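Bear in mind these aren't lab numbers, they're just calculated from the coordinates by the rules spelled out. Since we're looking at a predicted model, the values are computed, not measured. Here the Cβ positions follow ideal geometry from the backbone for every residue, glycine too, while neighbour counts run over all protein chains shown.
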Amino acid sequence: MGLFDKLAGWLGLKKKEVNVICLGLDNSGKTTIINQLKPSNAQAQDIVPTIGFSIEKFKTSSLSFTVFDMSGQGRYRNLWEHYYKEGQAIIFVIDSSDKLRMVVAKEELDTLLNHPDIKHRRIPILFFANKMDLRDALSSVKVSQLLCLENIKDKPWHICASNAVQGEGLQEGVDWLQDQIRTMRT
Amino acid sequence: MSSVPVEMKDGAVSSSKWLDAHYDPVANLYTFSSCVTLADLHGDGENKLVVGDLGTGAGNMKLKVYRGTGLLSENTLLDLPTGLVSFLMDQHEPRTPAIAVASGPFIYIYKNLRPYFKFTLPTLEINPLEQDVWNQARGDMIDPMTLKEMLEGIRDKADIPLSVRTLRFLMLEPQEMESYVNLHKEQPIRRQTVITCIATLKKNMADDDAVSCLVIGTESQDVYILDPEAFTILSKMSLPSVPTLMDVTGQFDIEFRIIVACRNGNIYILRRDSQKPKYCIELSSHPVGLVRMGKNVVVGCAQETMQSFTQKGKKLWTTYLPAPVTTMALLDLPTRGFQAVLVALANCEVHVYRDKNLVSTIKTQDVVTSICFGRYGREDGTLIMTTKGGGLIVKILKRTAVFDDRDSISGPPVAQSIRLNVPKKTKLYVDQTMRERENAVAMHRAFQMDLSRLRLAAARAYVKALESSLTPMSASLTEPLKMNAVVQGLGPSFKLTLNIQNTAACRPVMNLAISFLYDENLYSMRTAFFKIPLLVPGLNYPIDTFVECLSDKGISDIIKVFVLKEGKSTPLLTAHINMPVSEGLALN
Ligand SMILES: Nc1nc2c(ncn2[C@@H]2O[C@H](COP(=O)(O)OP(=O)(O)O)[C@@H](O)[C@H]2O)c(=O)[nH]1
Ligand SMILES: [Mg+2]
């Protein structure tokens with residue numbers, strides 16, 4: 001740790017570091033969301049489907065995020081669980097216009113919640129009901145019903161409708177997540 | 001940090017291998033597997049469901065496209081579709097597939113869901129005699145009656161079948177003939193056939209996005225291969241019967257195989273450079289579904305069986321199904337290296353078979369008439385089914401699903417292949433076998449004789465018991481009763497308890513009475529006849545009565561109990577109670 005960092009830590013200026021895992025089916029908008037959360041000078045213009053995963057680091061006013069952007073394609077979904085241990089928060093992205101695959105999203109969420117590395121931890125989960133701008137998108141209430149979110153009793157969770165392309169709804173979610181992380185004992 | 005166990009209602013991992021993605025019982029989709037396909041119509045990586053809907057009754061035939069759970073577009077079809085395929089016609093960008101819908105003698109090609117081209121099957125050869133006769137009619141050399149007679153003569157011994165025009169003419173009433181002849185005589189005669197099945201064949205590359213030819217089977221027992229761009233006939237092959245189901249592999253320019261199930265109950269295998277089928281598989285009943293698994297063919301037959309053959313016609317196995325097959329499809333998951341056969345049955349089940357082993361059963365709400373498995377939307381393992389009642393069912397194979405052969409009960413159990421430690425044969429055993437071998441006939445006879453005697457004796461006893469209602473169980477269907485009796489006491493007073501039970505499932509029994517028959521010199525009873533209350537099914541009714549023994553000679557007798565039904569002369573039940581000797585009298 002550099003001297004400057006130490007100084008900043010003593011003065012309370014040092015930002016808390018958190019690992020956030022970003023999960024969701026392919027094409028739900030994970031990479032787009034993370035790209036939006038980055039400072040504008042670091043944003044990528046074209047977003048291509050993620051292969052395997054990619055790691056993004058960025059800072060907000062109070063936290064320093066390390067985000068694992070996991071590929072949502074079926075064949076990569078078994079990689080997710082290897083990152084659960086490191087994760088201190090989860091962002092779960094749902095394409096709210098993909099009604100057909102809502103069951104698949106639910107299945108993956110249930111598998112996540114029942115994983116030994118997640119099951120007994122009070123880890124905050126932020127849900128983005130993304131692509132709310134599309135005509136046939138379901139409301140965030142409907143999405144949370146279909147995913148049975150009311151059954152998550154022992155973890156703080158929050159759902160926001162979002163439009164990742166325009167950046168709408170993202171700030172609300174990230175604010176909630178920051179509050180949760182700040183109140184967490186480490 | 002506090003940790004509370006996750007308590008979730010739906011958290012328990014369900015054992016099903018399928019996720020229920022969508023079910024619409026009133027989707028109004030009436031179709032068969034041959035008219036359903038999945039294709040990336042818009043080139044956006046999201047597969048659409050394309051259905052040739054046969055509608056109900058006449059009309060309502062539609063080309064429907066679904067995206068996810070919703071209907072994206074509808075085009076009216078002019079005639080009933082018999083088959084539908086998607087294929088890439090050319091190398092132009094964007095590489096979006098075209099849809100070919102076969103109906104009647106035509107193939108309608110749609111590009112970007114707009115009608116693009118109509119292909120018509122070549123006309124068939126005309127019977128020259130028929131042509132002659134019509135030429136005479138055109139020259140007004142013969143009247144309609146003569147025309148009819150001549151055509152009828154030709155019809156009965158024609159090698160080349162007559163045209164539809166002639167056949168229709170032969171059905172007309174005499175007064176309609178003249179106008180019909182005048183209407184048609186100027187036009188040339190045409191003989192058309194219709195398409196019975198359609199498939200695709202890669203032109204010269206094996207890639208997923210390679211250009212494909214259309215392969216069509218016709219009612220005239222031919223198979224045609226069409227060029228994808230010019231729609232010219234590249235090849236024509238003849239079959240001994242009408243093709244109904246078809247599977248095509250390979251590439252047209254290199255080597256290909258067409259497996260065709262025909263209406264005569266045979267399967268033929270056509271290859272490049274052979275105008276006639278190379279191999280033939282004769283089935284014991286008609287094929288209703290055809291799936292190719294690698295190099296083998298799996299056929300669903302009308303007699304509730306499924307059979308597998310090599311492409312050279314060698315039979316590999318047969319499996320018996322619990323109900324008739326309605327349709328079949330291949331379950332292919334290349335990413336997981338898994339292949340299986342999906343068989344829809346008339347008992348509202350879809351079975352998944354790996355070889356002859358049943359690995360999964362899906363129950364459906366209605367009989368499935370079409371199955372399509374593949375990538376739908378962005379999900380690779382999607383199973384799409386339509387039902388007899390017009391419903392649409394979409395299921396998605398779980399990412400974690402594993403098909404275990406041992407899940408199934410069919411097939412030989414593992415224990416069968418374990419060798420047993422059989423002891424050596426003893427001398428006694430050998431002698432015994434010798435004796436059995438030498439006296440087999442006599443032993444068999446003796447055994448049969450004893451068996452017959454035993455049966456006779458049993459039957460006699462049974463008849464006797466029935467005739468005299470001697471059994472403690474009533475044989476009557478309307479009053480199924482059970483009774484037992486208990487005698488208590490030392491004498492001379494005895495307590496007699498009769499336990500009566502109505503063994504019917506739910507019907508009460510009424511109007512019963514009990515009467516006793518005994519030697520009046522020996523016993524006396526306060527009441528020798530009384531009525532029984534209504535008997536509720538299943539309950540035990542203990543009925544007590546008292547018997548006085550009158551003799552002090554140490555003798556005893558039988559008391560007969562009859563359960564009687566009002567208005568019936570024979571008793572329902574009879575019980576004989578062996579009374580004990582009265583010991584109590586000595587005390588007096
Ligand atoms: N209309 C709309 N499109 C979105 C939204 N978010 C993402 N997309 C698009 O969805 C596609 C997939 O996004 P991507 O971030 O690669 O998804 P990932 O697979 O979850 O990482 C891209 O074409 C995005 O432009 C949204 O909120 N609205
Ligand atoms: Mg991505």
Within 10 Å of each Cβ in peptide A:74-83, how many partner chain Cβ atoms are there on average? Round it to a whole number, please. 2
Could you put B:M579, B:M434 in order, starting from the residue whose Cβ has the fewest other Cβ atoms within 10 Å? B:M434, B:M579
Using alpha-carbon positions, the gyration tensor of the protein assembly as shown gives root eigenvalues a ≥ b ≥ c; with a/c under 1.5 called rounded, otherwise prolate if a/b exceeds b/c, else oblate, the class is oblate
Given R₀ = 30 Å, FRET efficiency for B:I254-B:T123 by Cβ-Cβ distance, to 0.05? 0.40
If the reach is capped at under 12 angstrom between alpha carbons, list the aspartates and glutamates near B:K553, excluding any in the same chain fewer than eight residues apart. B:E583
Which whole-number percent is the relative contact order of chain B (Cα, under 8 Å, 6+ apart)? 9
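With only Lys, Arg, Asp and Glu charged, each at its Cβ (+1 for the first two, -1 for the last two), find how big the charge dipole of the protein assembly as shown is about the Cα centre; round to the nearest 20 debye.
2260
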Packing-based exposure ordering (other Cβ within 10 Å, fewest first) of B:T232, B:T69: B:T232, B:T69
How far is helix B:440-467 tilted, in degrees, relative to the longest principal axis of the Cα atoms in chain B, given as a value from 0 to 90 rounded to the nearest 10? 70
By counting other Cβ atoms within 10 Å of each Cβ, how are B:V422, B:V547, B:V26 ranked from fewest to most? B:V422, B:V26, B:V547
MRE, 222 nm, helices only [DSSP H, n ≥ 4, -39500 (n - 2.57), over the protein assembly as shown, to nearest 500]: -5500 deg cm²/dmol
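With the cut-off at 22 Å, tell me which of the pairs B:K314/B:K356; A:K59/A:K153; B:K64/B:K118 have Cα atoms farther apart than that.
A:K59/A:K153
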Per the rule of 0.36 nm per residue minus the C-alpha distance, extending B:I558 to B:A461 adds in nm 32.9 nm
Which of rounded, prolate, oblate describes the range A:16-185, given a ≥ b ≥ c as roots of the alpha-carbon gyration tensor eigenvalues and a/c under 1.5 marking rounded, otherwise prolate only if a/b is larger than b/c? rounded
Say R0 is 35 Å: what FRET efficiency, to the nearest 0.05, do B:M443 and B:L420 get from their beta-carbon distance? 0.80
To the nearest 20 debye, what is the magnitude of the charge dipole of the range A:42-186 about its Cα centre, counting +1 on the Cβ of each Lys and Arg and -1 on the Cβ of each Asp and Glu? 380
Whole angstrom only: what separates the Cα centroid of the range B:311-355 from the Cα centroid of the range B:422-451? 48
Hey, what angle do you get for helix B:128-138 against the long axis of chain B, alpha-carbon based, 0 to 90 degrees rounded to 10? 70
If you find the alpha carbon centre of the range B:48-65 and of the range B:88-120, how far apart are they in angstrom? 16
Relative contact order for the range B:278-320: what is it in percent, counting Cα pairs under 8 Å that are at least 6 residues apart? 30
Please tell me the relative contact order of the range A:16-185 in percent, rounded to the nearest whole number, where contacts are Cα pairs under 8 Å and at least six residues apart. 24
Note to self: C-alpha centroids of the range B:178-196 and the range B:238-294 sit apart, in Å, by 33
If I fit a long axis through the Cα atoms of helix B:427-438 and take the longest principal axis of the Cα atoms of chain B, what angle between them do I get, 0 to 90°, rounded to 10? 80
Excluding exposed DSSP-loop GluC sites (Glu not before Pro) (at most 11 other C-beta within 10 Å), longest clean stretch of chain B: B:187-519
Report, by chain and number, residues whose modeled amide H sits under 5 Å from the one on B:L234, excluding near sequence neighbours (fewer than 5 apart, same chain). B:I225, B:L226, B:D227
Could you point to the residue in B:Y429, B:G52, B:N135 farthest towards the positive end of the protein assembly as shown's charge dipole, with +1 and -1 charges on the Cβ of Lys/Arg and Asp/Glu respectively? B:Y429
